[in-house]
Amino acid sequence: MKRHTIVEYTHDFLRKYIGEGNICIDATAGNGNDTEFLCGLVGSEGKVIAFDIQEDAVNTTRSLLEMFGLDEIAEVYLDSHVNMDAYAEPDSVDGIVFNLGYLPGGDHSICTSAETTIAAIKKGLTLLKPDGVMSVSVYSGKDSGFDEKDAVLSFLEALDSKDYTVIKNEFINKPNHPPIPVFIFKNY
Ligand SMILES: C[S@@+](CC[C@H](N)C(=O)[O-])C[C@H]1O[C@@H](n2cnc3c(N)ncnc32)[C@H](O)[C@@H]1O
């Protein structure tokens, strides 16, 4: 049964806009599921640049890619997504994925934060090609609290609609602060 989780829903969105030969960034590699998914979309002619600040996450992501024979497509860096502009040129990236929060199965105190997430999103927007897309999966409640969600949504809501189209999706019948998928298009 397809449950339309935020991951499935976001992947369905990305499938529409990312294709073979594209360049993508996974800003939060975690267990590598999004990196692996993006590698499948861009194929051997494309490239995925992935970041995480946790060595365990980087190792898990690299192992997953090796298992699926995708390790030639992705570069996985132990670095903060705030530094993503050191790895790609402005207007060169087709898609960027942020999956905020903490590493599932990991230490919940090591998680994304409002300040660095917003700084990284700003850089990501400059790296996107005209007509490039960004997805931001925003979590709140429990260990995540509400500060990051409030700050990130306020930042995205204030983006100039001339330059960016921002679509916030909502799971309206899920209890307990459901995650929020946000999709951003760089207008051209
Ligand atoms: C929800 S998990 C990502 C899940 C992942 N996309 C997957 O498919 O398994 C969030 C990840 O963001 C990482 N993270 C937190 N702050 C970061 C930062 N400044 N730069 C890069 N990664 C960061 C965490 O270490 C954690 O692994």
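The values are calculated or read from the model by the stated rules, or taken from the named source; none is laboratory data. Since the model is a prediction, treat every value here as computed from it, not as a measurement. Cβ atoms come from the backbone with ideal geometry, glycine included; neighbour counts cover every protein chain shown. SASA here: full protein model, heavy atoms, side chains in, ligands and nucleic acids out. Shrake-Rupley method; radii C 1.70, N 1.55, O 1.52, S 1.80 Å.
Data overview
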item	result
Residues that are in a helix (DSSP H, G or I) and in contact (Cβ under 8 Å) with a residue 40 or more places away in the chain, drawn from segment 95-120	A120
Residue list for segment 88-109, restricted to those being surrounded by 15 or more Cβ atoms within 10 Å (Cβ to Cβ) and either more than 14 Å from G30 (Cβ to Cβ) or more than 13 Å from the ligand (Cβ to nearest atom) (or both)	A88, V93, D94, G95, I96
Members of segment 167-181 found to be open to solvent by 50 Å² or more (accessible area, probe 1.4 Å) and in contact (Cβ under 8 Å) with a residue 12 or more places away in the chain, listed by number	I167, K168, N176, H177
Which numbered condition A27 fails, given (1) in contact with a Phe, Trp or Tyr (Cβ under 8 Å, 6 or more places away or on another chain); (2) farther than 18 Å from L128 by Cα; (3) open to solvent by less than 60 Å² (accessible area, probe 1.4 Å)	(2)
Residue count, segment 133-145 (criterion: within 13 Å of the chain's Cα centre (by Cα), within 11 Å of the ligand (Cβ to nearest atom) and either aliphatic (A, V, I, L, M) or not in a strand (DSSP E or B) (or both))	2
Residue within segment 121-132 that is open to solvent by 30 Å² or more (accessible area, probe 1.4 Å), away from the ligand (no atom under 16 Å from the Cβ) and in a helix (DSSP H, G or I) present	yes
Listing of strands (runs of 3 or more DSSP E) fully contained in segment 10-80 that carry 3 or more residues being over 20 Å from F98 (Cβ atoms) and touching a residue at least 24 places away in the same chain (Cβ under 8 Å)	none
Whichever residue in segment 60-87 is farther than 22 Å from E20 by Cβ and of a type in the set (S, T, N, Q) and, among such residues, is farthest from the ligand (Cβ to nearest atom)	S63
Those residues of segment 120-146 which are at pLDDT below 95 and out of contact with any Lys or Arg (no Cβ under 9 Å at 6 or more places or on another chain), in sequence order	K142, D143, S144, G145, F146
Residue list for segment 133-166, restricted to those being open to solvent by 70 Å² or more (accessible area, probe 1.4 Å) and touching a helix residue (DSSP H, G or I) at 6+ places or on another chain (Cβ under 7 Å)	D147
Options D12, D26: the member that is within 16 Å of the chain's Cα centre (by Cα) and more than 11 Å from the ligand (Cβ to nearest atom)	D12
Residues satisfying the stated conditions in segment 31-52, i.e. within 12 Å of the ligand (Cβ to nearest atom) and open to solvent by 10 Å² or more (accessible area, probe 1.4 Å)	N31, N33, D34, E36, F37, D52
